[in-house]
Amino acid sequence: MKPRKKEIQFVICIQNEGCEDLALGKVYQVLPDESAAKEDYLRVIDESGEDYLYPGNYFIPIALPRAAERALALSKSKVHA
């Protein structure tokens, strides 16, 4: 049996003070970054289409159905390809 890929994680932005590339209420994809997580930061693909570190308290994690995760991941990869 193949090992499962790590689940894609998504969050909703609840604060964007000083962060022009984050929109309140928007769903963002989080990329794994263990060293950032230790400092309570998340690596997020923001409105610029690039991934940057943001304070973890700017977001609330959300659970999405697999179909929704795939659709969001696919739509973001098409936009930024």
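Summary table
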{"item": "Criterion violated by LYS5 - all others in (1) over 19 Å from GLU69 (Cβ atoms); (2) part of a loop (DSSP other than H, G, I, E, B); (3) modelled with pLDDT under 95 satisfied", "result": "(1)"}
{"item": "Looking only at segment 38-55, and only at residues there that are within 13 Å of GLN9 (Cα to Cα) and either at pLDDT below 95 or not basic (Lys, Arg) (or both), the one that is surrounded by the most Cβ atoms within 10 Å (Cβ to Cβ)", "result": "VAL44"}
{"item": "Single condition ILE14 does not satisfy, out of (1) in contact with a helix residue (DSSP H, G or I) (Cβ under 7 Å, 6 or more places away or on another chain); (2) modelled with pLDDT of 95 or more; (3) surrounded by 13 or more Cβ atoms within 10 Å (Cβ to Cβ)", "result": "(3)"}
{"item": "Strands (runs of 3 or more DSSP E) contained in segment 14-74 and holding at least 3 residues free of Cβ contacts under 8 Å to residues at least 12 places away in the same chain", "result": "none"}
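The values are calculated or read from the model by the stated rules, or taken from the named source; none is laboratory data. Keep in mind the model is a prediction, meaning the values are calculated, not measured. Cβ: placed from backbone, ideal geometry, glycine included. Neighbour counts: every protein chain shown.
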